[in-house]
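The values are calculated or read from the model by the stated rules, or taken from the named source; none is laboratory data. All figures in this text were calculated on a predicted structure; none of them were measured in a lab. Please note: Cβ atoms are built from the backbone with ideal geometry, for glycine as well, and neighbour counts cover all protein chains shown.
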Amino acid sequence: MQTIVSPSLLSADFNHLAKDIEMINQSEADWFHLDIMDGVFVPNISFGFPIVQHVKKLAKKPLDVHLMIVDSDRYISEFKKFGADYLTVHYEACTHLHRTIQAIKAEGMKAGVSLNPHSPVHLLEDILPDLDLVLIMSVNPGFGGQKFIKNSLKKVEQLKAMADRINPNLIIEVDGGVDNSNAKLLCDSGANALVAGSFVFKSENPSATIHQLKTLNFNQ
Ligand code: DX5
Ligand code: ZN
C-alpha cells in the first residue's frame, strides 16, 4: 500500500487558504490534516468549526481532523456536521476512551487515537480492535515546526507488531517534524500515513514535496 500523505494546514498561508487548499486538491496528497487546539490540553489555540466548514467546502479529499482538546465528547457531532471524515482524539485527554470511540463511529466517521511522545503504545492494546487509525505524535503537540523525536520510530515498530496481531487494517499515522530525513525510516518501521506541515508548506514547491513524500524518493 502506498503511503497516505496528509498535509497539515496549520502551516498553510491563512491569508490565501483557498489557494493552498486548491494546491492540495491538485496534488498527490490523500487527506487534509486539520489541527484543532484548545489552549487547555495543549499550550496553543489554533482554529475551530468555521475554518473546518470552509475547508470542507473547497476540499476534494477527506478531512483528517486531529483534536488536541479536552472534552472531545461534547463536540463529536459538530465535527461530523462540519465535515470531518477521520476524527482523532488524544489518549491523554479522554477518560472514557472506549465510549468516545464508539460515539465517533456511531456518527459515521473513522475513529483514531493519538499518543503523546511519553505514552507507550501498549496502552492501546485493549482499544486497538475498535480503531481505524492510531496517530503517533513525534513531537509534543501544540506547534508546527518542531524537531522530530527519534524514539517515535521504535513506537511505530511496536505499534505495527501489535496491529499485525490484533488489527491488521489499522492506519498508522505519524505527526510532527516529518521530513526527508525520517519519512522513509518511518514507513520502513510500519507507518502508512504521514502528516507534514512545515516540510510541505515551507518548501519551494509544496506539490513536488508532496510527490516526494508519496513516493519516498527525495532525490528528484
Ligand atoms: C502539532 C500538530 C501537527 C503540526 C505538524 O501539534 O499536530 O499536525 O501541524 O507540523 P510539522 O510537520 O511542521 O511538525
Ligand atoms: Zn496534527
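Is there a residue in segment 39-54 that is in contact (Cβ under 8 Å) with a residue 60 or more places away in the chain, within 22 Å of Leu115 (Cα to Cα), buried (at least 17 other Cβ atoms within 10 Å of the Cβ) and β-branched (Val, Ile, Thr)?
Yes, segment 39-54 contains a residue that is in contact (Cβ under 8 Å) with a residue 60 or more places away in the chain, within 22 Å of Leu115 (Cα to Cα), buried (at least 17 other Cβ atoms within 10 Å of the Cβ) and β-branched (Val, Ile, Thr).
Being of a type in the set (Asp, Glu) and without any contact (Cβ under 8 Å) to a residue 40 or more places away in the chain is true for just one of Glu125, Glu92, Glu78. Which residue is that? Spell out the reasoning first.
Working: Glu125 fails: without any contact (Cβ under 8 Å) to a residue 40 or more places away in the chain; Glu92 fails: without any contact (Cβ under 8 Å) to a residue 40 or more places away in the chain.
Unique residue meeting the criteria: Glu78.
Could you go through segment 74-87 and let me know if any residue there is surrounded by 20 or more Cβ atoms within 10 Å (Cβ to Cβ), touching a His at 6+ places or on another chain (Cβ under 8 Å), modelled with pLDDT of 95 or more and among the hydroxyl-bearing types (Ser, Thr, Tyr).
no
Scan segment 186-210 for residues that are farther than 17 Å from Phe32 by Cβ and more than 18 Å from the chain's Cα centre (by Cα) and jot them down.
Once the filter is applied, which keeps residues that are farther than 17 Å from Phe32 by Cβ and more than 18 Å from the chain's Cα centre (by Cα), segment 186-210 yields Asp188, Lys202, Ser203, Glu204, Asn205, Ala208.
List the pairs whose first member sits in segment 3-19 and is under 25 Å from Val134 (Cβ atoms) and touching a residue at least 24 places away in the same chain (Cβ under 8 Å), whose second member is within 14 Å of ligand 1 (Cβ to nearest atom) and assigned to a loop (DSSP other than H, G, I, E, B), and whose Cβ atoms are under 6 Å apart, counting only residues at least 6 apart or on separate chains?
Note: pairs meeting the criteria are Val5/Ala29; Ser6/Trp31; Pro7/Ala29; Ser8/Gly197; Leu10/Gly144; Leu10/Gly197; Ser11/Gly144; Ser11/Gly197.
Kindly list the number of the only condition in (1) under 24 Å from Ile69 (Cα atoms); (2) among the hydroxyl-bearing types (Ser, Thr, Tyr); (3) surrounded by fewer than 20 Cβ atoms within 10 Å (Cβ to Cβ) that fails for Ser152.
For Ser152, the failing item is (3).
Quick check on my filter: what residues within segment 90-103 are among the hydrophobic types (A, V, I, L, M, F, W, C), away from ligand 1 (no atom under 16 Å from the Cβ) and out of contact with any helix residue (DSSP H, G or I) (no Cβ under 6 Å at 6 or more places or on another chain)?
Leu97
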